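Okay, so here's the structure we're looking at.
Values in this text are rule-based calculations from the coordinates and carry no lab data. Computed from a predicted model, the values in this text were never measured in an experiment. Ideal geometry is used to build each Cβ from the backbone, glycine not excepted, and the neighbour counts take in all protein chains shown.
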Amino acid sequence: MRILSKVAEVRAARLEFPSVGLVPTMGFLHSGHLSLVKAARAANAGVIASLFVNPTQFGPNEDFNRYPRARERDLAMLESERCDLVFAPDVAEMYPEGFDTRIEIGGVTEGLEGAVRPGHFTGVATVVAKLFNITTPTRAYFGQKDAQQVAVVRKLIQDLNLPVELVVCPTIREADGLALSSRNAYLAEDERRSAVVLWRALTAAKTLYDSGERSAQALRTAMKAALDAWGACPDYLGVSDPQSFCDLDEIGPTGAVVSLAVRIGTTRLIDNIVLPTP
């Protein structure tokens, strides 16, 4: 496994592989990230993972400076999964002096995370476009846990005619249902126990849907009741179209993404489930 920090180095090394799977990460890896690497390893001649905490997707009062970092541990984990190249640039390499370009995606970015975190998806779209241009992947691997981000990347690929296949892998969960996330490291022991409420709220919505309920508001009400039972307050409760991420009134033949963002203590966690088509 080679660890590269310069764009030119990555571009030269990329030429060695007839196909490449890219796994973009911000580091502090867990089994969810490694599931993406495994999927990339199974389908491509080469695997490139990025380790870069992207400052442009953090708001001024968010957790960029304290975002968990564990470079040596991350590198050992990637090597154990037979990753070929790790692109680990510094901020100046990705955003050199004079950098002044942004990619704005409308529609799909306007609600939920986009509404609560202005500018977040502009940072995501810009850095992902840069990573695509630097590594020219055959396929790019993202986790379903960040469902709206997946929709943003899909729109980026479609609208800019990027020659990349988007591969979405399932959310990896703890035994009690909590989705794996780098930010789980922030949780104190009692907060970790409380964090299961996200999964319970999503499960309440799915149970209602499976019983035949198609009212999006009824599903939001069920999620809110589950959160209220634990004294948890959400940033949002979404029942959205899987492609546009517009809010739904009724769930139709294309199903829905049910999502939420909840603060557990000072830690903000997100999760979602995809409701299947009837």
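Quick notes on this one:
- Most mobile listed residue (Gly32, Gly212, Gly238) in the chain, GNM with C-alpha springs under 10 Å: Gly212
- Reach of Lys130 by Cα under 29 Å, taken over lysines that are not fewer than 8 positions away in the same chain: Lys6, Lys38, Lys145, Lys155
- Amide hydrogen proximity for Glu165: with H placed 1.01 Å from N in the peptide plane, the residues at 5 or more positions away or on another chain lying under 5 Å are Arg139, Ala140.
- Hz values of 3J(HN,Hα) by residue in segment 76-83 - Karplus curve (6.51, -1.76, 1.60), Gly and Pro given as x: 5, 5, 5, 5, 5, 9, 6, 5
- Contour minus Cα-Cα distance for Asp210 and Glu191 (0.36 nm per residue): 3.9 nm
- Acute angle (nearest 10 degrees) that the helix 147-159 long axis makes with the longest principal axis of the chain, alpha-carbon atoms: 50
- Cα-based reach from Lys224 at 13 Å (exclusive), listing aspartates and glutamates while leaving out same-chain residues under 8 positions away: Asp235
- Take every Cα pair under 8 Å whose residues are at least 6 apart in sequence, average their separation, divide by the length of the chain, and the relative contact order is 17 percent.
- Placing +1 on the Cβ of every Lys and Arg and -1 on the Cβ of every Asp and Glu, with no other charges, gives segment 182-272 a dipole of roughly 260 debye about its Cα centre.
- Computed from Cα atoms, the angle from the helix 197-210 axis to the main principal axis of the chain rounds to 70 degrees.
- Inter-part distance, segment 153-216 to segment 95-111, computed on C-alpha centroids, equals 25 Å.
- Modelled spin-label separation between Asn61 and Ser19, with each label point placed 7 Å from Cα along the Cα-to-Cβ direction: 4.7 nm.
- Residue-wise HN-Hα coupling along segment 214-220, computed from phi with Karplus coefficients 6.51, -1.76, 1.60 (Hz; x: Gly, Pro): 10, 6, 5, 5, 4, 5, 5
- Candidates Ala225, Ile270, Pro60 compared by Cα position along the dipole of the chain: farthest toward the positive end lies Ile270, with charges placed on Cβ.
- For segment 1-44 and segment 121-142, distance of Cα centres in Å: 12
- Charged neighbours of Ser244, selected by a Cβ distance under 12 Å, balance to -1 (K, R count +1; D, E count -1).
- 5 angstrom amide H check on Ser50, placed H, neighbours 5+ away: Val23, Thr25, Phe87
- Backbone phi angles across segment 130-140, fed through the Karplus curve with coefficients 6.51, -1.76 and 1.60 (θ = phi - 60°), yield HN-Hα couplings of 5, 4, 4, 5, 6, 9, 6, x, 6, 9, 10 Hz in residue order; Gly and Pro are listed as x.
- Shape of segment 1-77, Cα gyration tensor, a/c cut at 1.5: prolate
- Label-point gap, in nm, between Val91 and Thr266 - each point 7 angstrom along Cα→Cβ: 2.0
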